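Take a look at the structure below.
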Amino acid sequence: MNQLLAAGAVDAWVHPIVMKKGRSAHCINCLILDGGENDHKKQKLEGEILQILFRETSTLGIRIQRNIERAALSRSFISVKVGDPSASRTVKVKIGRMIGASEASTISAEYEDCRAVAEITGVPLKVVMDQAVDAARLKLAGLEN
């Protein structure tokens, strides 16, 4: 997954599936942008993604589905403090808003920031992520700096 994302995929994920004759397998999904006006750039990226998939897996074929639509919220980031006030750590939080809306539709703590804080402090990851989202809600409401 890391190689696909590093090559330029917008997103990549794996889910378990059952193939014919009841065999267990994994389905790898990878999204890339269409490239807009730059069709050569798109073809190059698609080729790099295909090379990674053929090189790193045992597959003999790849299904390619084009023109998949994707809806995304408008995004911004804020930084919040989590943990003990005397030794607080900074975590980035992603704020998703519907177009034209002033209120946040989605508030999501950045995983890597929270993982690092959890690792350093020994606080469970879920607790760090919850603290970050709570701090972001307070900050957005103007109740905390």
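Which members of the stretch 100-124 meet the condition of being assigned to a helix (DSSP H, G or I) and open to solvent by 50 Å² or more (accessible area, probe 1.4 Å)? Those that are assigned to a helix (DSSP H, G or I) and open to solvent by 50 Å² or more (accessible area, probe 1.4 Å): Y111, E112, R115, E119, I120, T121.
Please indicate, with yes or no, whether at least one residue in the stretch 102-125 is modelled with pLDDT under 90 and not hydroxyl-bearing (S, T, Y). Looking for residues that are modelled with pLDDT under 90 and not hydroxyl-bearing (S, T, Y), one finds at least one in the stretch 102-125, hence yes.
The values are calculated or read from the model by the stated rules, or taken from the named source; none is laboratory data. Model, not experiment: these values are computed from the prediction. Ligands, DNA and RNA are stripped out before the accessible areas are found, and what is left, the full protein with its side chains, is counted by its heavy atoms. Shrake-Rupley method; radii C 1.70, N 1.55, O 1.52, S 1.80 Å.
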